[in-house]
Amino acid sequence: MNKNLTNVRGIQCWGAHIGIKANRRDLAIIYSTVPASAAAVFTTNLVVGEPIKVCRDDVRKGILQAFVINSGNANTCTGEQGYQSAVTMRNTAAEALKLPPEYVLISSTGIIGEPFPIEKVVDGIHEVAKKLSSRQTSGSLAAHAILTTDTFAKEGYTHFKLGKSKINLAGIAKGSGMIHPNMATMLAYIVSDIAITPQLLHKALKEATDKTFNMITVDGDTSTNDTVAIMCNGLAGNPVITTEDSAYQRFALQLTKICEHLAKQIVTDGEGATKFIEYHVVNAHSDEDARQIVRTISNSNLVKTAIFGHDPNWGRIIAAAGRAGVPFDPDRLDLYFGADNPVQILKDSQPTPHNRTALKKKMDASFIHILLDLKQGDGQAVGWGSDLSYDYVRINAEYTT
């Protein structure tokens, strides 16, 4: 079995079926045996789930010891009953784990607007808290318990050395549909045994999220409960990272890598997806310009449907780039399909002769790489997305029925 959350020192987990969903695990707890430096980023949607309202301010204090997540009900647009249920959910977890309530981050995901089944959640929290374990299987149980329309659990693990200390870093995520730059109906929970201040941890998480979870898209819809959260409990024994020194840079790089790994798994599991697409924009005026162009192209339904149809319709790609709100010279664009032996489609914005058989082979593949060279500066960005298929419409048309 691959390593996961419980390979991080001091992390215990469990995931159980408590009856919110018909036949899938639907409650997870991820617990650190000691208080941990913590940080989180949340949805940019103005409509937010009740758990975020309850926990958002406390997370800014920078100390957590548990993540508690239910799936099957988003506890969003549920009024006073929903808010009080979120408070009860957090307080129950704090009591069961013998923690201050502000040390618990709760999350919910699932259908919006349904009354929240707080009785099932309260009973479930007491049940799951008793089963917390550092066994490897318990980490995977937690990963499965946060899923909604996902077809597989998203897990990741890595380790690296800081001086004499081995640092473990692991995470889980959920997400399949309603995925859009700036996150969307996705949750991710990351744990590490590194020692780092909450302030620097927040900076590292924000930057990693901007480069990864904020650069994926499945369907252009942002949701209400999106959360990326991290706890670092210091049990690796490294000197506490207090400045942006080489140790911080090494940790930030590894954090970005694991976020990218989880983000790519989310795109791979895009509802009805048949293609995984990597978009690479280079030589923009700035990295931010490049990111904006990637986001616009990757979120274009016309581009997505062309890719689904195995159609190298480059006009849709450059049209999307042109409406990204970023200035560039439209007469200098070079466009390529394919990572290995790429086929050039445009040179200086003019169609180029190319091997149609080679191009067809690249468009038929499940992984497609698109490179747009603006020839304007040194900025670049990478993003990831899926195609838009018939099955996507079917899955989302039947979501609540």
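No value in this document is a laboratory result; all are computed from the given coordinates. Since the model is a prediction, treat every value here as computed from it, not as a measurement. Virtual Cβ from ideal backbone geometry, glycine too; neighbours counted across all protein chains shown.
Candidates Asn214, Ile258, Leu99 compared by Cα position along the dipole of the stretch 5-265: farthest toward the positive end lies Ile258, with charges placed on Cβ. Once the Cα atoms are used to define both axes, helix 118-131 deviates from the longest principal axis of the chain by about 80 degrees. Among 28-38, 351-361, 232-242, 82-92, the peptide with the highest mean count of other Cβ atoms within 10 Å heads the list, and the full ranking is 28-38, 82-92, 232-242, 351-361.
If both residues of a DSSP beta bridge must be in the chain, then about 70% of such bridges are antiparallel. If you fit an axis through the alpha-carbon atoms of helix 136-145 and take the longest principal axis of the Cα set of the chain, what angle between them do you get, 0 to 90°, nearest 10? Once rounded, the angle reads 70 degrees.
About its Cα centre, the chain has a charge dipole of approximately 1020 debye under the convention of +1 per Lys or Arg Cβ and -1 per Asp or Glu Cβ, with nothing else charged.
For His369, the residues whose modelled amide H falls within less than 5 Å of its own, excluding neighbours fewer than 5 places apart on the same chain, are Glu278, Gly338, Ala339.
What the phi angles of the stretch 348-363 give under the Karplus curve with 6.51, -1.76 and 1.60, with θ = phi - 60°, is a coupling list of 6, 6, 10, x, 10, x, 8, 7, 5, 5, 5, 5, 4, 4, 5, 6 Hz, glycine and proline written as x. Measuring nothing but how far apart in sequence close Cα pairs (under 8 Å, 6+ apart) lie, relative to its length, the chain scores a relative contact order of 17 percent. Rounded to the nearest 10 degrees, the inclination of helix 50-59 to the longest alpha-carbon principal axis of the chain is 80 degrees.
When only the Cβ of Lys, Arg, Asp and Glu is charged (+1, +1, -1, -1), the dipole of the stretch 1-151 relative to its Cα centre reaches about 580 debye. Phi angles across the stretch 250-262 convert, under the Karplus curve 6.51 cos²θ - 1.76 cosθ + 1.60 with θ = phi - 60°, into 3J(HN,Hα) values of 5, 5, 4, 5, 5, 5, 4, 4, 6, 5, 5, 4, 5 Hz, Gly and Pro given as x. Among the listed pairs Lys206/Lys304; Lys3/Lys154; Lys21/Lys174; Lys130/Lys203; Lys161/Lys203, a Cα-Cα separation exceeding 24 Å is found for Lys206/Lys304; Lys130/Lys203. Put +1 on the Cβ of each Lys and Arg and -1 on the Cβ of each Asp and Glu in the stretch 5-265; which of Gly175, Asn75, Leu162 then has its Cα farthest toward the positive end of the dipole? Of the options given, the answer is Leu162.
Database remark: amide H of Met186 closer than 5 angstrom to the amide H of Asp226, Thr227 (H placed geometrically; neighbours at sequence offset of 5 or more, or on other chains; Pro and chain starts carry no H).
Report summary: the helix-based calculation at 222 nm, which adds -39500 (n - 2.57) for every DSSP H run with n ≥ 4 and divides by the residues of the chain, gives -10500 deg cm²/dmol.
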